[in-house]
Amino acid sequence: METVVSGIRSTGKLHLGNYYGAIHNFVKMQEKYNCYFFIADLHSLTTHPHPDNLHQNVKDILVEYLAAGLDPEKCTLYVQSDVPQIAELYLFLNMNAYLGELERSASFKDKVRMHPENVNAGLLTYPVLMAGDILIHKATKVPVGKDQEQHLEMTRTFSNRFNRIYNVDYFPEAYAFSFSDKLVKVPGLDGNGKMGKSNGGANAIYLSDTPEIIRKKVMRAVTDGGPSEENSSKPEPIQNLFQLISLVSSKDTYDYFNHLYNTCQIRYGDLKKQLAEDMIIATTPLREKIIDIASDKDYLHKVARMGADKARESADRTIKDVKEIIGFRQI
Ligand code: ADP
Ligand code: TRP
């Protein structure tokens, strides 16, 4: 059976971008594949979180994974830092990861641009740690959103390089996976780019947002003065709202507003009201489960311990092989 690995950084609560881009696929994949899903708390260290925030974020994401439908009996669900073998593999892979290729990564360049005061080595080698996450279980399929494609290309470079250097056929190639035919990019509410945690949370709808918050955020989404010609193409902020409608609303709703747009009769206030209500319908069951699961400390503890044990077992096998291949042998 093919092995699947994916993770989400513990930098805050999950939003609809994470849900439709990644978790939606996790939930389906656990039925069919040997799945490892984790919380990337080591990756979150690049931004130097306060210890209390780090802990709270890890707990929040575990709760939200479970609320979204990840079943710890069907998949291996764990916290990255509970599996030290990942950090060990990261160290080995770092020896064959080169400055030039790491500096060329689009996400590294973005981060340097946004936070020139914090260009640390962990940020530079972020894709190597991600390759460690994937290769530690020798995964071939990685459910992620479109923004992660380049990281997976780097993972393939590192695994192929390892195989070549040691003349083995040990690590397989990992590819991005989505049940829909292309990788998803969920737009944000601020008119440009993807939904994400930037912009103080106003750009994203979180799974735990209350109906009031959702209505407020959606009503503030960026729009324009409306089309002045029939059947004109949609500028990005408007295209984004339609894309969000296509994710959470029915096809009829999409067609209705699309017709109004094409005939220059659209009223963005009405469109936003409908979008907010459909987002509330999509997230309410999740929010209710989040509140429920968060209160069950014993269950969360049990899930985390069980996942760590299962993940370490698989990781240990890989590290033993890798050390043997590299030449660390008992004297
Ligand atoms: P964020 O961008 O909010 O920091 P992460 O980078 O931690 O979120 O992303 C976690 C997962 O969710 C990744 O698989 C990523 O591809 C996916 N993801 C995040 N935002 C989006 C989005 N707007 N559209 C599609 N997928 C997304
Ligand atoms: N880099 C991913 C992100 O920002 C998170 C991640 C870390 C990941 N390790 C991974 C995703 C391994 C898939 C597989 O979203």
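The values are calculated or read from the model by the stated rules, or taken from the named source; none is laboratory data. All figures in this text were calculated on a predicted structure; none of them were measured in a lab. So basically every Cβ, Gly included, is an ideal-geometry build from the backbone, and we count neighbours across all protein chains shown.
Assorted remarks:
- Scanning region 1-30 for residues that are more than 9 Å from ligand 2 (Cβ to nearest atom) and assigned to a helix (DSSP H, G or I) turns up L16, G17, Y19, Y20, I23, H24, N25, F26, V27, K28, M29.
- Cβ-Cβ contacts under 7 Å between residues 6 or more apart (or on different chains), taken from a first residue in region 185-210 that is farther than 21 Å from P143 by Cβ and free of Cβ contacts under 8 Å to residues at least 12 places away in the same chain to a second residue that is in a loop (DSSP other than H, G, I, E, B) and more than 15 Å from ligand 2 (Cβ to nearest atom), are listed as N199/D190.
- In region 116-139, the residues that are within 16 Å of ligand 1 (Cβ to nearest atom) and assigned to a helix (DSSP H, G or I): N118, G122, L123, Y126, P127, L129, M130, A131, D133, I134
- Qualifying residue in region 11-27 (condition: more than 16 Å from ligand 1 (Cβ to nearest atom) and closer than 22 Å to G200 by Cβ): no
- Count - residues of region 200-219 that are modelled with pLDDT of 95 or more and assigned to a loop (DSSP other than H, G, I, E, B): 6
- Which numbered condition F177 misses (of (1) touching a Gly at 6+ places or on another chain (Cβ under 9 Å); (2) crowded, with 18+ Cβ neighbours inside 10 Å; (3) over 18 Å from A282 (Cβ atoms); (4) not aliphatic (A, V, I, L, M)): (1)
- I39 vs. criteria closer than 23 Å to M279 by Cα, at pLDDT 95 or above and within 14 Å of ligand 1 (Cβ to nearest atom): no
- Pairs, first closer than 24 Å to D82 by Cβ in region 1-28, second aromatic (F, W, Y) and within 12 Å of ligand 2 (Cβ to nearest atom), C-beta under 7 Å, six or more apart: V4/Y36; V5/Y36; S6/F26; S6/F37; G7/F37; G7/F38; N25/F177; F26/F37
- One residue from D209, D224, D169 being within 18 Å of L275 (Cβ to Cβ) and surrounded by fewer than 16 Cβ atoms within 10 Å (Cβ to Cβ): D224
- Top-ranked residue in region 154-166 [being exposed (fewer than 15 other Cβ atoms within 10 Å of the Cβ) and without any contact (Cβ under 8 Å) to a residue 24 or more places away in the chain; ranked as nearest to K138 (Cα to Cα)]: N160
- Among (1) within 16 Å of ligand 1 (Cβ to nearest atom); (2) modelled with pLDDT under 95 - the single one L241 does not satisfy: (2)
- Considering region 31-40, the residues that are free of Cβ contacts under 8 Å to residues at least 60 places away in the same chain and near ligand 2 (Cβ under 10 Å from one of its atoms) include one that is surrounded by the fewest Cβ atoms within 10 Å (Cβ to Cβ), namely F37.
- The listed residue being among the hydrophobic types (A, V, I, L, M, F, W, C) and surrounded by fewer than 16 Cβ atoms within 10 Å (Cβ to Cβ), out of I281, I266: I281
- Among the residues of region 140-195, the ones that are assigned to a loop (DSSP other than H, G, I, E, B), within 13 Å of ligand 2 (Cβ to nearest atom) and not β-branched (V, I, T) come to 6 in all.
- For I291, the criteria (1) more than 30 Å from A139 (Cα to Cα); (2) more than 24 Å from the chain's Cα centre (by Cα) hold in every case but one, which is (2).
- Boolean, T125 is more than 10 Å from ligand 2 (Cβ to nearest atom) and at pLDDT 95 or above: yes
- Filtering region 286-331 to residues that are part of a loop (DSSP other than H, G, I, E, B) and β-branched (V, I, T) leaves only I331.
- Output for region 95-107, where each listed residue is assigned to a helix (DSSP H, G or I) and crowded, with 18+ Cβ neighbours inside 10 Å: L102
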